[in-house]
1. For Cα pairs less than 8 Å apart in space and 6+ apart in sequence, what is the mean separation divided by the residue count of the chain, i.e. the relative contact order in percent?
2. Rank by packing, highest mean first: peptides 70-77, 22-29, 10-17, with packing defined as the count of other Cβ atoms within 10 Å averaged across residues.
3. Ordered by residue, what ³J(HN,Hα) values in Hz, to whole numbers, does the range 53-65 give under the Karplus form 6.51 cos²θ - 1.76 cosθ + 1.60, where θ = phi - 60° and Gly and Pro are x?
4. How much net charge surrounds Val56 when only other residues with a Cβ under 13 Å from its Cβ are counted (Lys, Arg +1; Asp, Glu -1)?
5. Calculate, for Leu39 and Arg73, the FRET efficiency according to 1/(1 + (r/R0)^6) with r their C-beta to C-beta distance and R0 25 Å; round to the nearest 0.05.
6. Per-residue counts of other Cβ atoms within 10 Å, averaged by peptide: what ranking do you get for 83-89, 35-41, 52-58, highest first?
7. Could you compute the net charge surrounding Pro70? Neighbours are other residues with a C-beta less than 14 Å from the C-beta of Pro70; K and R count +1, D and E count -1.
8. Does anyone have the angle between helix 15-35 and the longest principal axis of the chain? Alpha-carbon axes, 0 to 90°, nearest 10?
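None of the figures in this text is laboratory data; all of them are computed from the coordinates on show. In this text the structure is predicted, and so the values were computed from the model without any measurement. Note: ideal-geometry Cβ built from the backbone for every residue, glycine included; neighbour counts use all protein chains shown.
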Amino acid sequence: MPIFAVHYTYSDVTIEARDTFRPEHRAWLNGLVEAGSLLTSGPYADGSGALLLFQVVDEAALEELLPQDPFARENLIDAVRAVQWLPVMGTFAS
């Protein structure tokens, strides 16, 4: 199954709301980890966004998942960039 790197971009304007919805956001992410759809995720150290690595059937499946994120539902993500990623070495290489 393909792996997709999803980059979220955040702004300072949404910090307070993200703090409010973070428990729900992380519960959603944990459910995807348990289901095998999310390999890993985490925020950038500078607070500018986050990286999420999904392993799903295709881009259409990813496009169905992303709007379900509580951060997306609450319009707390300024930009989303999703690209198929082809790891050739390391943990995620096939």
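1. 47 percent
2. My ranking of the peptides, most packed first, is 70-77, 22-29, 10-17.
3. Values, residue by residue: 10, 9, 10, 9, 4, 6, 5, 4, 5, 5, 5, 7, 6 Hz.
4. -4
5. 0.65
6. Order by mean packing, descending: 52-58, 35-41, 83-89.
7. Summing Lys and Arg as +1 and Asp and Glu as -1 gives 0.
8. Once rounded, the angle reads 20 degrees.
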